[in-house]
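Take a look at the structure set out below.
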Amino acid sequence: MDIVKLREMLEAELSNPELSPIDESFYSDYDSLLKVLRIGAESSRERGESVEEMLYLEQLKIAEGLMREILRIRLHKLVDMAFSGVLSDLVEEERAIFLILKEFIERGEVPLQQVGLPEQAKEELAEEPEPDREAGTRNPVSEAYLVSIDLPRIVDEKLREYGPIKAGDIAVLPKSVGEVLLKRGVAHKIRITF
């Protein structure tokens, strides 16, 4: 894996409406590339080679930018696939994301246990105090919505602006705005259960 391979991958994603096939080791190869570039920059710094260090750091910046763009495109394609329900050949990481998105779309909720939270996040969630039930439950003023089309800025009744929102984004919006999006059929209400 190198920057040339990442550029070719980005071009393939941009030119194809479907997900371009990738090797099972694509993401681990990318992690290895970043590690090599970071180690190269660090060893150059230790040797006092500032020009070489700058070259490594610039390559690292380019690789991260290319990968960010590849991921953005692939994630949008995964969302489209989840809406259509069509599953193509996916690597393990993308298959997990696809299944989560499909569950969101079909049922409107995904138990977080299925997502596989890191242990630290599970501990933080367990430490959160339970709301005082005796004081009564409060209805949230904002809710999460999975938006199915690109939306420009949205203004609520208090003249607060939200957006722009792209198709496939999950947005936390006031109930009043969300109800309008639901009525127009351009969003799905999302409920996350713990």
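The values are calculated or read from the model by the stated rules, or taken from the named source; none is laboratory data. The structure presented is a predicted model; accordingly, all values stated were derived computationally and were not measured. Cβ coordinates were reconstructed from backbone atoms using ideal geometry, including for glycine residues, and neighbour counts include every protein chain displayed.
Testing Glu53 on (1) outside any loop (DSSP other than H, G, I, E, B); (2) more than 18 Å from the chain's Cα centre (by Cα); (3) surrounded by fewer than 16 Cβ atoms within 10 Å (Cβ to Cβ), one condition comes back false. Which one is that?
It is condition (3) that Glu53 fails.
Scan segment 29-47 and tell me whether some residue there is assigned to a helix (DSSP H, G or I) and β-branched (Val, Ile, Thr). Spell out the reasoning first.
Pass one, segment 29-47, residues assigned to a helix (DSSP H, G or I): 29-47.
With the extra rule that they be β-branched (Val, Ile, Thr), the set shrinks to 36, 39.
Within segment 29-47 (the criterion being assigned to a helix (DSSP H, G or I) and β-branched (Val, Ile, Thr)), the answer is yes, since at least one residue qualifies.
Condition check: assigned to a helix (DSSP H, G or I) and either among the aliphatic types (A, V, I, L, M) or in the same structural domain as Ala167 (by the TED database) (or both). Does Met1 satisfy that?
No, not satisfied.
With over 16 Å from the mean Cα position of the chain (by Cα) and either closer than 30 Å to Ser148 by Cβ or outside any helix (DSSP H, G or I) (or both) as the only criterion, which of Asp80, Asp89 stands out?
Unique residue meeting the criteria: Asp89.
Can we say Glu69 is part of a helix (DSSP H, G or I), in contact (Cβ under 8 Å) with a residue 40 or more places away in the chain and of a type in the set (Asp, Glu)?
Numbers: part of a helix (DSSP H, G or I): yes; in contact (Cβ under 8 Å) with a residue 40 or more places away in the chain: yes; of a type in the set (Asp, Glu): yes.
Considered against the rule, which asks whether it is part of a helix (DSSP H, G or I), in contact (Cβ under 8 Å) with a residue 40 or more places away in the chain and of a type in the set (Asp, Glu), Glu69 comes out as yes.
Looking at the structure I just gave you, is Val86 under 25 Å from Lys166 (Cα atoms), crowded, with 18+ Cβ neighbours inside 10 Å and aliphatic (A, V, I, L, M)?
no
Arg7 - would you say it is in the same structural domain as Asp89 (by the TED database) and touching a residue at least 24 places away in the same chain (Cβ under 8 Å)? Steps first, answer last, please.
Numbers: in the same structural domain as Asp89 (by the TED database): yes; touching a residue at least 24 places away in the same chain (Cβ under 8 Å): yes.
Criteria met by Arg7.
Consider Asp89 against the criteria (1) more than 23 Å from Lys189 (Cα to Cα); (2) modelled with pLDDT of 90 or more: it satisfies all of them except one. Which criterion is unmet?
(2)
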